[in-house]
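I have placed the structure first, in the form of structure tokens, so that the comments after it can refer back to it.
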Amino acid sequence: MRRAADTQFLVNEALALFSRLQTVRSFTLNTPMVLAAAVSAPAQAAINDHLARIAFDLRRRLQEFVRWMQGPESQALSTAEAQAKFVLLKLRFNNLLDQVDIFADVLSQRGEHGTGTWLAGLDVLAEDALCLPGNYFDPPPLICFAERGHGAAIRRARTRLPGGDDNPVGVIQIPRERMVGSGIASSLIHEVGHQGSELLDLTKTIRLELDAEAAKGGSEQIGWLLLSRWLNEILSDFWALGHLGIGATYGLMSVVSLPSYFVFRIGTDGPHPFPWIRVRLSLALGEALYPHPQWAALTRQWQALYPTDGLTASKQKLIQQLVDLLPRFAQLVLNHRSQALRDQRLADLFPVQERQPARLQALFHEWQQQPALREAAAPSLVFAVIGQARADGQLSPPQESDLLARLLTRWALNRARRYGQTPAPAPRRVAAPSHSLTT
């Protein structure tokens with residue numbers, strides 16, 4: 001028989017937890033931002049509905065626990081067993097707080113003057129880069145936030161959050177030090193590529209082809225095995241190339257321009273290609289997508305920045321083996337077909353013809369005369385045109401930064417107007433106090 005004092009202790013603990021749960025407020029009530037800086041209406045609705053659903057369920061379970069503890073049926077369990085049941089509820093509450101913090105880190109930045117609106121503009125860019133013509137998948141909402149450091153990352157939609165719940169939106173971390181320049185698009189769309197590649201199951205299906213090449217053995221085997229191991233990151237770089245052209249490679253070079261020791265630090269057990277070969281992969285894929293002499297010139301520049309002749313013989317041999325495979329690897333990726341692609345070539349899913357260098361150059365000159373056309377274009381196309389102009393020396397970094405800041409603000413304003421005319425879907429409502437996520 002459990003003592004009455006033990007029962008009351010656990011009941012009080014549950015009631016205290018219930019009270020703290022009521023203080024977890026919806027982001028629509030406590031996150032200050034101008035309308036243009038807000039995340040998209042689908043993203044806001046998805047986040048609020050997701051957190052509300054967890055809060056509703058936890059509230060119900062706490063109420064049931066209190067009723068059970070105060071009833072006769074709980075007396076069959078010892079105090080320790082009752083405590084174990086309560087602790088599970090407490091852990092679930094902590095899972096909820098962890099998830100709230102993930103989204104709070106994103107949304108709180110929207111209150112920063114200037115930065116919040118730029119992030120909203122980058123949301124628009126991310127959504128544009130994920131949506132491929134042909135409706136190959138149902139794209140989830142995407143939201144961006146800035147973080148220190150020079151790397152980007154994504155918490156993909158439909159992956160596990162703390163507690164095991166599915167993430168309702170893709171959360172993209174971008175480097176604050178790249179705000180604002182065309183290089184930010186390379187990092188951002190690389191992370192979008194992780195989401196898109198997963199939705200199309202590209203890593204799995206292309207890896208089957210690479211592993212088949214490796215299974216042939218011979219001197220090329222190690223090269224194919226490494227490309228297979230690095231494939232997920234390579235495909236994300238390819239996704240950026242498919243939208244940005246040479247701007248994607250310039251952005252990548254900016255990210256991985258490090259001391260030579262790190263550029264040539266060859267790790268064979270991680271998911272990332274070592275920086276030197278990663279740039280060469282981007283150059284090879286870019287040249288296959290957009291044939292033009294600029295790729296050979298940029299290859300020579302990369303070689304001049306990081307010459308290989310001072311490396312050990314074993315490193316030089318491995319690098320040469322990989323370089324020799326690059327043209328065949330690029331064609332394998334471009335020509336890949338699968339059921340998820342409806343037997344289309346992977347390259348044909350991207351706006352490759354629209355992003356050819358000559359076309360981008362023509363658009364740049366046309367937009368110089370008619371800026372309104374630039375504002376009406378798809379954000380990823382705008383970044384591709386600006387990236388090509390930077391590569392051609394037609395646009396200085398200060399001009400680029402000023403132009404992109406204005407465009408990001410414009411895209412954010414346009415989206416705010418669009419969602420202002422079409423209200424966001426309301427989260428599911430359950431009877432509960434009006435001040436918390438249980439509304």
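The values are calculated or read from the model by the stated rules, or taken from the named source; none is laboratory data. Keep in mind the model is a prediction, meaning the values are calculated, not measured. For neighbour counting, all protein chains shown are included, and Cβ atoms are generated from backbone atoms with ideal geometry for every residue, glycine included. The accessibility values were calculated without ligands, DNA or RNA, using every heavy atom of the protein model including side chains. Shrake-Rupley method; radii C 1.70, N 1.55, O 1.52, S 1.80 Å.
Points worth noting:
- Lone unmet requirement of (1) open to solvent by 60 Å² or more (accessible area, probe 1.4 Å); (2) in contact with a strand residue (DSSP E or B) (Cβ under 8 Å, 6 or more places away or on another chain) for I222: (2)
- Test: residue in the range 297-315 that is touching a residue at least 40 places away in the same chain (Cβ under 8 Å), open to solvent by less than 20 Å² (accessible area, probe 1.4 Å) and of a type outside the set (A, V, I, L, M): yes
- Residue within the range 157-164 that is over 17 Å from A43 (Cα atoms), in contact (Cβ under 8 Å) with a residue 24 or more places away in the chain and crowded, with 22+ Cβ neighbours inside 10 Å present: no
- Residue within the range 138-150 that is touching a helix residue (DSSP H, G or I) at 6+ places or on another chain (Cβ under 6 Å), under 30 Å from L88 (Cα atoms) and touching a residue at least 40 places away in the same chain (Cβ under 8 Å) present: no
- Top-ranked residue of the range 179-219 - restricted to ones that are under 24 Å from A157 (Cα atoms) and basic (K, R), ranked as least open to solvent (accessible area, probe 1.4 Å): R207
- Selection count, the range 110-134, where residues are at pLDDT below 95 and in contact with a Gly (Cβ under 6 Å, 6 or more places away or on another chain): 1
- Taken over the range 73-100, the residue count meeting the criterion of being of a type in the set (A, V, I, L, M) and open to solvent by less than 70 Å² (accessible area, probe 1.4 Å) is 8.
- Exactly one residue out of D98, D105 is closer than 30 Å to P140 by Cα, modelled with pLDDT of 90 or more and in a helix (DSSP H, G or I), and it is D98.
- Residue check, L21 in a helix (DSSP H, G or I) and either modelled with pLDDT of 90 or more or open to solvent by 50 Å² or more (accessible area, probe 1.4 Å) (or both): no
- Residues of the range 117-171 classified as under 23 Å from A38 (Cα atoms) and not aliphatic (A, V, I, L, M), total: 22
- The range 123-145: number of residues that are under 12 Å from the mean Cα position of the chain (by Cα) and open to solvent by less than 40 Å² (accessible area, probe 1.4 Å): 11
- Enumeration of residues in the range 324-357 that are in contact (Cβ under 8 Å) with a residue 12 or more places away in the chain, open to solvent by 30 Å² or more (accessible area, probe 1.4 Å) and either assigned to a helix (DSSP H, G or I) or on the phi > 0 side of the Ramachandran plot (or both): D324, P327, Q331, R342
- Within the set A52, A38, A4, the sole residue that is loosely packed, with under 13 Cβ neighbours inside 10 Å and either touching a His at 6+ places or on another chain (Cβ under 8 Å) or small (G, A, S) (or both) turns out to be A4.
- Criterion (hydroxyl-bearing (S, T, Y) and closer than 24 Å to P291 by Cα) met by exactly one of S380, S396, S314, S338: S380
- Hits in the range 276-311 - residues which are of a type outside the set (V, I, T) and either modelled with pLDDT under 95 or part of a loop (DSSP other than H, G, I, E, B) (or both): Y290, P291, H292, Y306, P307, D309, G310, L311
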